[in-house]
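Colleague: Sharing a structure below in structure tokens format, with a few things to ask.
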Amino acid sequence: MSGTRSAMSSTCLRMPRAEAGMGGELDEWRARLAAMAMPDDGADGAHDATHVARVWRAAASLLAEHPEADPLIVLAACHLHDIVNLPKQHPDRARASRMAAERARRLLADAGFPADKLDGVAHAIEAHSFSAGIAPRTIEACIVQDADRLDALGAVGLARLYYTAGRMGSALAHPADPLARDRPLDDRAYALDHIEAKLATLPATMRTAAGARLAEKRLDWLRAFRDTFVDEWGRGD
Ligand SMILES: [Fe+2]
């Protein structure tokens with residue numbers, strides 16, 4: 001990692017940030033990164049350019065509470081984090097973020113990105129993925145991971161959930177027991193189960209305080225949706 005980046009353990013600490021005048025450099029790189037950012041599967045509407053734009057917008061809001069973080073590393077990692085996007089069932093799914101980090105490192109080096117920030121970008125990309133199981137060691141990696149997870153929650157997260165479920169051939173919900181009272185959760189078979197099986201676990205994994213607050217708020221919204229859905233669907237009783 002760059003010498004100015006703080007080593008992280010389980011939390012993200014605040015440190016003074018020395019760099020100044022990042023606005024112009026950020027603006028210049030933002031357009032270039034957006035052009036590089038298209039993932040392998042350009043037809044996946046849950047991981048398209050709008051997802052990348054939302055992740056960066058969320059990350060920018062988290063950066064406001066972490067002036068110690070390097071915004072250029074966060075900007076690059078947000079734009080390139082899904083540049084290798086493998087389907088959930090793909091055998092190399094758990095390796096996708098490492099593959100994305102390697103590809104991003106090559107692309108950025110070829111584009112003249114600051115060499116001393118390449119390690120930071122690559123780590124933030126490889127650590128963002130839930131399935132990779134890599135703990136973020138830098139504040140930039142914490143911010144990118146939180147920002148990506150926030151896009152799985154709330155109204156947009158719900159839309160992405162059902163979009164992905166449709167692509168995988170899952171049912172909307174269990175026909176007789178949508179709340180999984182008398183069966184194990186199965187989010188491969190029933191899209192509604194994904195809220196409790198996976199999304200409800202995300203707030204506890206957030207690395208920044210602002211990310212955790214937003215994640216809880218968006219999970220509350222998802223659970224309110226789930227209640228309304230089940231009222232309309234029928235509870236099987
Ligand atoms: Fe993502």
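Just so it is clear, none of the values below were taken in a lab; they were calculated from the coordinates. All values reported here derive from a predicted model rather than from experimental measurement. Methodologically, a virtual Cβ is constructed for each residue, glycine included, from the backbone with ideal geometry; neighbour enumeration extends over all protein chains shown.
Colleague: Between the alpha-carbon centers of region 170-190 and region 96-131, tell me the distance in whole angstrom.
Modeller: Using only Cα atoms, the two centres lie 38 Å from each other.
Colleague: Now, a different point. Work through the residues other than Ala135 whose Cβ is under 13 Å from its Cβ and net out their charges, Lys, Arg +1 and Asp, Glu -1. Present the calculation step by step, with values, prior to reporting the outcome.
Modeller: On the way: positive: Arg137, Arg207; negative: Glu126.
Around Ala135, the charge tally is +1.
Colleague: Enter the angle in degrees (range 0 to 90, nearest 10) between the Cα long axis of helix 209-233 and the first principal axis of the Cα atoms of the chain, meaning the one along which they spread out most.
Modeller: Around 20 degrees separate the two axes.
Colleague: Taking the 0 to 90 degree range and rounding to the nearest ten, how far is the long axis of helix 22-36 tilted relative to the main principal axis of the chain, both from C-alpha atoms?
Modeller: 60
Colleague: Same structure, new question: Once you've got the GNM for the chain with C-alpha springs shorter than 10 Å, pick whichever of Gly133, Gly24, Gly166 has the biggest mean-square fluctuation.
Modeller: Taking springs between Cα atoms under 10 Å, the residue moving most is Gly24.
Colleague: Now for a different question. Given springs between every Cα pair under 10 Å in a Gaussian network model of the chain, which of Asp177, Asp151, Asp48 has the largest fluctuation?
Modeller: Asp177
Colleague: Something else: Please report, to one decimal in angstroms, the Kirkwood hydrodynamic radius of region 22-138 built from all distinct Cα-Cα pairs.
Modeller: Working: mean 1/r = 0.0700 Å⁻¹.
This gives a value of 14.3 Å.
Colleague: Given the options Glu140, Glu126, Glu68, state which has the largest fluctuation in a GNM of the chain using a 10 Å cut-off (strictly under) for Cα springs.
Modeller: Of the options given, Glu68 has the highest mean-square fluctuation.
Colleague: For the Cα atoms of the chain, what angle does the longest principal axis make with the long axis of helix 96-110, in degrees from 0 to 90, nearest 10?
Modeller: Approximately 30 degrees, to the nearest 10.
Colleague: Would you list, by chain and number, the lysines whose Cα falls below 22 Å from the Cα of Lys117, excluding same-chain residues fewer than 8 positions away?
Modeller: In chain and number order, there are no partners.
Colleague: Which of the aspartates and glutamates could a cross-linker bridge to Lys217, judged by Cα under 20 Å and excluding same-chain residues fewer than eight apart?
Modeller: Within reach: Glu65, Asp146, Asp148, Asp151, Asp193, Glu196, Asp227.
Colleague: Also, quick follow-up: Grab the DSSP H runs of the chain that are 4 residues or longer, score each as -39,500 (n - 2.57), total them, divide by all residues and round the 222 nm result to the nearest 500 deg cm²/dmol.
Modeller: Details: 9 runs with 122 residues, N = 237.
Helices in the chain give a 222 nm mean residue ellipticity of -16500 deg cm²/dmol.
Colleague: Okay, moving on. Rule-of-thumb check for region 154-233: C-alpha Rg over 2.2 N^0.38 Å? Present the calculation step by step, with values, prior to reporting the outcome.
Modeller: Numbers: Rg = 12.8 Å, N = 80, 2.2 N^0.38 = 11.6 Å.
Taking the Cα Rg and dividing by 2.2 N^0.38 Å, one obtains 1.10.
Colleague: Using only alpha carbons, build the gyration tensor for the chain and give me the equivalent ellipsoid semi-axes, biggest first, whole Å.
Modeller: Working: eigenvalues 231, 72, 43 Å².
Result for the chain: semi-axes of 34, 19, 15 Å.
Colleague: Please give the charge dipole size of the chain, origin at the Cα centre, charges +1 on K and R Cβ atoms and -1 on D and E Cβ atoms. Round to the nearest 20 debye. Let's see the in-between values first.
Modeller: On the way: 30 positive and 34 negative charges, 52 e Å.
The dipole of the chain has a size of about 260 debye.
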